[in-house]
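Data first, discussion second: the structure below is written as structure tokens.
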Amino acid sequence: MTTRRTFLKVLGTGAAAAMVGLPPLRSIADIGQANDGEFFLFIHAAGGWDVTLWADPRNEARGILHPASTENTDPSQVRLWRDAPLEGGAKTFELIRPPGSSLVLGPGAGGLVDIVDRITIVNGLAMNTVAHPDGATFSATGRHLQGGRVASPSVDTMISNELGKEQLFPTVSVRFPSAYVGDNLDRRVVPLTIGDVGSISRTLSRTQLYDANPERDRVTALLSLEAEDLARRSTYHDVADGMRLQYASLQRMLASNLGDVFSAEGLKTAHPELTYKTRFLGAAALDAAFAIEAMKRNVVRCVSFAAGNFDTHAGNYKTHAHAQQELFDLVTATLRSLDAIPHPTKAGAKLSEHTHILVVSEFCRTPQINLGNGRDHYPNNSALVISPRFKPNFVFGATDADQLLPRPVKRFIDGERAIAPPDLLATFVSAFGIDPRKYMRDGEIVPELLRAAAAA
Amino acid sequence: MRPSRGFLVASLFAASLSAGCAARLPEHVQAVSLPSPEVLGVTAEDSAPKADLRMIPPEAYMRTYLQLFGGLAPLDAQKLARGKEGAQLFDNWDAYVSALGFADYRTDIPRLTQTNALMVATFERLGVALCDRAVEHDLRAKPPMRERAIFAFDVLPAPGVMDEGAFGARFDVLHRTFLGYPRRLAPAARTTRFFQLYRDIVGMHRTADPKSRFTPEEAGWAAVCYGLVRHPEFHLY
Amino acid sequence: MISRSRSPVVLFAAVALASLTGLRPAASAPAPAAAAGTRTLDDYRHFRIASIDLVGRIPTRDELAAFERPDFDWDRWVESHLEGSAYVERLTRIYMDALRLEPNLNFTAVPSQLYRQEITGPDGKPVHVLYRGGQRRLRESTDGDFCLTPDETGLVVRPMAAAVGTPKKTSKKALDTYTVEVKPWWLYRDYKAEHPTERYKQGWANPDPQFRPVDALLDEPNGKPTMEVRVCREEAHEAPEGHIYASGRAKPPPTSSPLPGGRAKAAPVDTAYAIKHKGEAIACDTREGLSMAVDCGCGRGLERCTPNSGTGDTPAFQYPNHMPLGPDLPLDSAGQSALRWYPYWWSREAVHFLGYLFAEDRDFREVLTGKETWVNGPLAQFYKTVQRGACCGPEANFGMHGETEPLFDPARVPTDLLPHDVDRWERVADRGAHAAGILTMPMYLEKYASARARAAAIYNDFLCKSFSAGQAELTPSEDPDLTRRPGCQTCHATLEPLAAYFARVEPASYVYLPESLFPQKAATCKKDKAGKMNGACNALYDVAFFDDKGPTLRSAHASPAHASAGPVGAAADLTRMPEFASCAVQRVTSSFLGRPTTADDARLLQSLTKDFVRSGFRMRSLVRGVVLSDEYRRANDDRVDAPPVGTEAR
């Protein structure tokens, strides 16, 4: 007998598949199995980054473009900066063309030049916003703020809801614009929002001076029953049900004895390969160490954090390229670390083979240098994906030559247009067999971004 | 699950409509006035919008917590909670601020309005500190009742003779303290459940090794306190 | 009083709909009211919610006992809690959640910021010397720099960076000649006296507990208490006015010549203005006072300047990082950067202002239109002198050498507040002609640093609208006018005219550009052959909007009328819009109901809005209306056995 639920699913997936020419997405059980053991790292480059310094490099004064130069940038710490002539006596930078790659990068790209065979860059993302909260939300959820409120779950919530419910920490969010919004979400995947990773260990610490773990567990068990009763007595019971699930998660967390592992000192000791004493991104390095350790122990599904402060409107633009270099060096070092760690559940596999990284920002910066010698906000953007399911050594999307505005890149259902964040997020989640329409109102899957196997 | 009749009707209607539209040219429909439907009766409907329970704001949680700590300022409560044990029972407020869901206006991080597992863990950490210190202050030191923010009663003099009636009278004090209403209005199973918890904890403490700093009865009441300060009804409204 | 949410439904339609969709029919009639004196679970629940909202916490046992008494008067209880710190905090939180008026920025007004450099004294022991960056001095070897040369100290001293070089003993003669010891305001309560004696925590026995200089400011390197600070002699000048100085240096020395004293960069040369106006009086608390006078300093007890325990972003005072329950109940305390001292107090001013509006139940429109504010000691110090240091740079080219029409008139600052009176707040009834509620407070202007950001914040927070572009298509265009450019106009057609209200308040600053000196069109600003204007014109005027009258004042192009009206005009215009009242009502109602308002709340919101306006935009009336409504009582009560609306006894 066809139930309403399966009828809708068949109708939905069939229609979606028909529209984009893909075979229908698989059942929920298949999705879980196929993607068991995948991990996700989401990084938000806070403040809005200058894409002309890394992903969409520009070193010519053309149209309204003022390239970064020795007049507005301090290249002394930017190791990939090689002077190139610029009119007026200042120097701009040489474009970087890594050998064996068609990618062209800017000097802010840092360590990315060494891993071009593993990265996917998306340029010309149409943002239609230049406000920080709106841009951050749009990048993370695929929808703009509606009257100041978030209208859609963030990508880490979507992924955890599908693939992370059983993890001890489904999503850990350190200042990332994570959002838990929507009716079809499991309360276990409410992002665990913290200010710094060290607070996890402090929050999970328990003394044995007055009572012991079994006694506290006994209380937790009682509270689960109370929450169940409360849910039963309520017309809307999501919140009470959620607390019941969270009590269960808490018991698992405490039983895991991970408090010391996730202390700041413990993480630095476990991951000395990352650089913690940097000028801009020391805190982010600790977040990355947490991500690696948590994935290694198979206790998370998604780790999301914010990195840096790229909102350089004035003289602070001088160090923007340096800050970008630190960000991408950190991403590269994280990937290398994952390369060296065996997968916790897949014998013979490396963690990096099953970890998927997405780096976004709220928008990019103006192609013009402003009167303060910095750059303001601009409604264009780029993003970085490092995922075995995405086409590597590849760039998709483009901007125009004179104004750095997103260009139409393909025919979508709603016509020729530029790619936008909802398309990227829809493509990302679809790579794991998740129907984006379950969570997202907007966005189309862009199969050109995916490796053939993922697209199938 | 039985198919929803309404849904099937609607989808058949939609299917026939689209089929019909595809085949024929649009037609103009003349407006015709219809007679008013006959009113058979009137019934009231509660159209007030409903919503699920919400989390009490972190500010209200903290003020309540401090009130239960005897009306202390945060840094004084922190000092008292830490006592001589350093960070064993309580770290510092900075460690908990983010997990409790406070907004950070400096960095534009909005307040949390949903509980999550780490927040629930923080509630436990803070709740245990509060209850353990309250046992020491109220039950052990035995100040006058008006100075007891939580355990405004005396435990029975002889251990092991607590019956449900005696427990219930004391549980009512705690129920009012944390949940804001008398236990007589709570679901019937609650008092029994908590009494069982009390007895279980007392029993566990009698045989515990190493011994805790609490007597078994103190541990029992501490556990009842944990159960109420971490209760969904304490955190939601 | 709000009417109950109950509507009769035609049974015919209900039955028809039910049969079509399988829905259950509506609930039956409500049960009779409970007898007075016996509280139901719903009563307790309601009391708990109201306590959380109006008392700021759950009720105590004593409060519950009072509630249970038969003589408990609900209306009187609500009324008595529509005031007090918990009520004020509750409302302030609503607006702070929207406005987020806390700083994540450093601030330094160059003329007021001291830095501290450690040098080696004649006895080989460390000596701290305070100085200002860019201070003019008579000696060419130190003019614009630290008052002791690298030859004398072994160090090239730079503000906001570590000194370079190897320290060597500085002679006593140099120290005595070029520095002097002073008893500064942060150490002495009676710093204005001829011989101050009331030293912090010694003669000054009970300093305000919230005024806490860091230990590094209180103790010498050897650990002994600091009784006096050593400061460069120029910085110790006390007079409010100095004189324009011209050194006689018309041009920098050849790059091949060694610089005197071993200094790293050449001394400043005389500007044409300095040569022309040599010897004329100049106010010492302006930027020009620092850059143009050798006899301008920090005033008596260095009161025009802010201390620092190091060379840059180093601590000066202790105050909390986290204080969600207010500054009286901090969660921590830490030594904070000297560059964050005033931003911290700006934030407190904004919160104090909001608190005052709610505590005194003022007309809520004053949040934008109000002339008044509250200041304490640090804010008085800031508004009296420090704020003036933000001006003037390019403005001087238009004849403004010091702010002529500041947003906060320094003459209106209370004169009896000392910089360390942190917990003494005094009301300033009228900040000046250009004051407009929070719109002209430094915290708002720095948080929302551009004209557009300021406009977007008002649009969002006080009209409850947002600029959401949806799927606007952006195509390359040369049109500088975003109100016309395809794609951009979706938002900018509204945003630009709103931003124009702030055209006269400089971005990332609070400096006001009066129309008498900065007309909408600057006829004196010309384009060169390349089509560009000089730096000063370019800083304040926009060459993209250049016509036969000249360039347009930045941000003013979309509405010259709004630019003339300024923030005061914005406040007047916006508070006249019906959305102002409806937005306030919707925000407060949504917050108290604990959910976004929906179409189902239309009747409630309409009624509340009418009452709100009729009451003179008083929040107390609004909150009373919400808290006494059935919607509030029923909010979040989704128990399956909950009695229907309007049936419960109180």
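From C:E478, C:E515, C:E473, C:E496, which residue is closer than 25 Å to A:H132 by Cβ, more than 16 Å from the chain's Cα centre (by Cα) and assigned to a loop (DSSP other than H, G, I, E, B)? Within the list C:E478, C:E515, C:E473, C:E496, the selection yields C:E473. Suppose the filter is crowded, with 21+ Cβ neighbours inside 10 Å and within 26 Å of the chain's Cα centre (by Cα); does C:L463 pass it? No. Reported count of residues in the stretch A:384-408, each being over 21 Å from A:R97 (Cα atoms), crowded, with 19+ Cβ neighbours inside 10 Å and within 13 Å of another protein chain (Cβ to nearest Cβ), is 4. Take the conditions in contact (Cβ under 8 Å) with a residue 24 or more places away in the chain and either open to solvent by 40 Å² or more (accessible area, probe 1.4 Å) or at the interface with chain B (Cβ under 10 Å from one of its Cβ atoms) (or both) and apply them to A:V190. Does it pass? Taking the combined requirement at face value, the residue satisfies it.
All of B:L100, B:L80, B:L66 fail the test of being more than 9 Å from chain A (Cβ to nearest Cβ), open to solvent by 50 Å² or more (accessible area, probe 1.4 Å) and not basic (K, R), apart from B:L80.
Checked against the criterion of being surrounded by fewer than 18 Cβ atoms within 10 Å (Cβ to Cβ), out of contact with any helix residue (DSSP H, G or I) (no Cβ under 7 Å at 6 or more places or on another chain) and closer than 30 Å to C:A453 by Cα, the stretch C:113-122 contains not a single residue that satisfies it.
Pull up the stretch A:307-354, narrow it to residues that are among the aromatic types (F, W, Y) and in contact with a helix residue (DSSP H, G or I) (Cβ under 7 Å, 6 or more places away or on another chain), then point me to the one that is nearest to A:S387 (Cα to Cα). For the stretch A:307-354, the residue satisfying everything is A:F328. Is it the case that C:T373 is at negative phi and open to solvent by 20 Å² or more (accessible area, probe 1.4 Å)? For C:T373, the condition - at negative phi and open to solvent by 20 Å² or more (accessible area, probe 1.4 Å) - is not met.
Each row is one residue, and each column tells you yes or no for (1) in contact (Cβ under 8 Å) with a residue 24 or more places away in the chain; (2) not in a loop (DSSP other than H, G, I, E, B).
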| residue | (1), (2) |
| --- | --- |
| A:T171 | yes, yes |
| A:P177 | yes, no |
| A:Y180 | yes, no |
| A:L185 | yes, no |
| A:E215 | no, yes |
| A:E228 | no, yes |
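Among helices (runs of 4 or more DSSP H) entirely within the stretch B:146-237, having at least 3 residues that are over 16 Å from the mean Cα position of the chain (by Cα) and small (G, A, S) singles out B:164-179, B:216-229. Please verify whether A:V181 is surrounded by 24 or more Cβ atoms within 10 Å (Cβ to Cβ) and either facing another protein chain (nearest Cβ under 10 Å) or within 19 Å of A:T355 (Cα to Cα) (or both), treating the condition exactly as stated. Taking the combined requirement at face value, the residue does not satisfy it.
Conditions tested, residue by residue: (1) within 14 Å of chain B (Cβ to nearest Cβ); (2) part of a loop (DSSP other than H, G, I, E, B); (3) β-branched (V, I, T).
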{"residue": "C:D313", "(1), (2), (3)": "no, yes, no"}
{"residue": "C:H322", "(1), (2), (3)": "yes, yes, no"}
{"residue": "C:P330", "(1), (2), (3)": "yes, yes, no"}
{"residue": "C:W341", "(1), (2), (3)": "no, no, no"}
{"residue": "C:Y344", "(1), (2), (3)": "yes, no, no"}
{"residue": "C:R348", "(1), (2), (3)": "yes, no, no"}
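Among residues of the stretch A:31-75 being part of a helix (DSSP H, G or I), in contact with a strand residue (DSSP E or B) (Cβ under 9 Å, 6 or more places away or on another chain) and not β-branched (V, I, T), the one that is farthest from A:T312 (Cα to Cα) is A:P75. Got at least one residue in the stretch A:96-109 being buried (at least 24 other Cβ atoms within 10 Å of the Cβ), within 20 Å of the chain's Cα centre (by Cα) and not in a strand (DSSP E or B)? Yes: the stretch A:96-109 contains one or more residues that are buried (at least 24 other Cβ atoms within 10 Å of the Cβ), within 20 Å of the chain's Cα centre (by Cα) and not in a strand (DSSP E or B).
Residues in the stretch B:191-211 that are surrounded by 20 or more Cβ atoms within 10 Å (Cβ to Cβ) and either within 14 Å of chain C (Cβ to nearest Cβ) or more than 24 Å from B:M55 (Cα to Cα) (or both): 6 in all. Listed here are the helices (runs of 4 or more DSSP H) enclosed by the stretch C:531-650 that have at least 2 residues being surrounded by fewer than 21 Cβ atoms within 10 Å (Cβ to Cβ), within 14 Å of chain A (Cβ to nearest Cβ) and on the phi < 0 side of the Ramachandran plot: C:535-540, C:578-593.
For the stretch C:462-496, the set of residues classified as of a type in the set (D, E) and more than 11 Å from chain A (Cβ to nearest Cβ) consists of C:D479, C:D481, C:E496, listed by residue number. A search for C-beta distances below 6 Å between a residue of the stretch A:233-260 that is more than 7 Å from chain B (Cβ to nearest Cβ) and any residue that is surrounded by 19 or more Cβ atoms within 10 Å (Cβ to Cβ) and of a type in the set (K, R), counting only pairs 6+ apart in sequence or on different chains, returns A:L245/A:R187; A:L245/A:R188.
The test for being within 7 Å of chain B (Cβ to nearest Cβ), over 20 Å from B:L89 (Cα atoms) and in a loop (DSSP other than H, G, I, E, B) does not hold for A:Y210.
Within the stretch C:468-500, if we keep just the residues that are hydroxyl-bearing (S, T, Y) and open to solvent by 30 Å² or more (accessible area, probe 1.4 Å), the residue that is modelled with the lowest pLDDT turns out to be C:S468. For the stretch B:19-63, a residue qualifies if it is at pLDDT 80 or above, surrounded by 14 or more Cβ atoms within 10 Å (Cβ to Cβ) and not acidic (D, E), and the qualifying residues are B:L53, B:R54, B:M55, B:I56, B:P57, B:P58, B:A60, B:Y61, B:M62, B:R63.
For the stretch C:432-444, a residue qualifies if it is farther than 16 Å from C:L354 by Cα and either open to solvent by less than 10 Å² (accessible area, probe 1.4 Å) or among the aromatic types (F, W, Y) (or both), and exactly one does: C:G432. Of everything listed in (1) at the interface with chain A (Cβ under 10 Å from one of its Cβ atoms); (2) touching a strand residue (DSSP E or B) at 6+ places or on another chain (Cβ under 8 Å); (3) in a loop (DSSP other than H, G, I, E, B), the single unmet condition for B:E85 is (2). Checking each residue of the stretch B:169-182 against the condition of being open to solvent by less than 10 Å² (accessible area, probe 1.4 Å), modelled with pLDDT of 95 or more and more than 12 Å from every other protein chain (Cβ to nearest Cβ) gives at least one match.
The set of residues in the stretch B:103-122 that are within 9 Å of chain A (Cβ to nearest Cβ) and aliphatic (A, V, I, L, M) comprises B:I109, B:L112, B:A117, B:L118, B:M119, B:V120, B:A121.
A quick yes/no check of all residues on (1) closer than 17 Å to A:P379 by Cβ; (2) buried (at least 19 other Cβ atoms within 10 Å of the Cβ); (3) of a type in the set (A, V, I, L, M, F, W, C); (4) without any contact (Cβ under 8 Å) to a residue 12 or more places away in the chain:
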position: A:D414; (1), (2), (3), (4): no, no, no, yes
position: A:L424; (1), (2), (3), (4): yes, yes, yes, no
position: A:S430; (1), (2), (3), (4): no, yes, no, no
position: A:G433; (1), (2), (3), (4): no, yes, no, no
position: A:R437; (1), (2), (3), (4): no, no, no, no
position: A:M440; (1), (2), (3), (4): no, yes, yes, no
position: A:L449; (1), (2), (3), (4): no, yes, yes, no
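For the stretch A:157-169, state whether one or more residues are part of a helix (DSSP H, G or I), facing chain B (nearest Cβ under 10 Å) and not hydroxyl-bearing (S, T, Y). Scanning the stretch A:157-169, I find no residue that is part of a helix (DSSP H, G or I), facing chain B (nearest Cβ under 10 Å) and not hydroxyl-bearing (S, T, Y), so the answer is no.
The values are calculated or read from the model by the stated rules, or taken from the named source; none is laboratory data. What you see is a predicted model, and the numbers here were worked out from it, not measured in a lab. Quick reminder, even Gly has a Cβ in these numbers, built from the backbone with ideal geometry, and neighbours come from all protein chains shown. The area values use the complete protein model at the heavy-atom level, side chains included, leaving out ligands, DNA and RNA. Shrake-Rupley method; radii C 1.70, N 1.55, O 1.52, S 1.80 Å.
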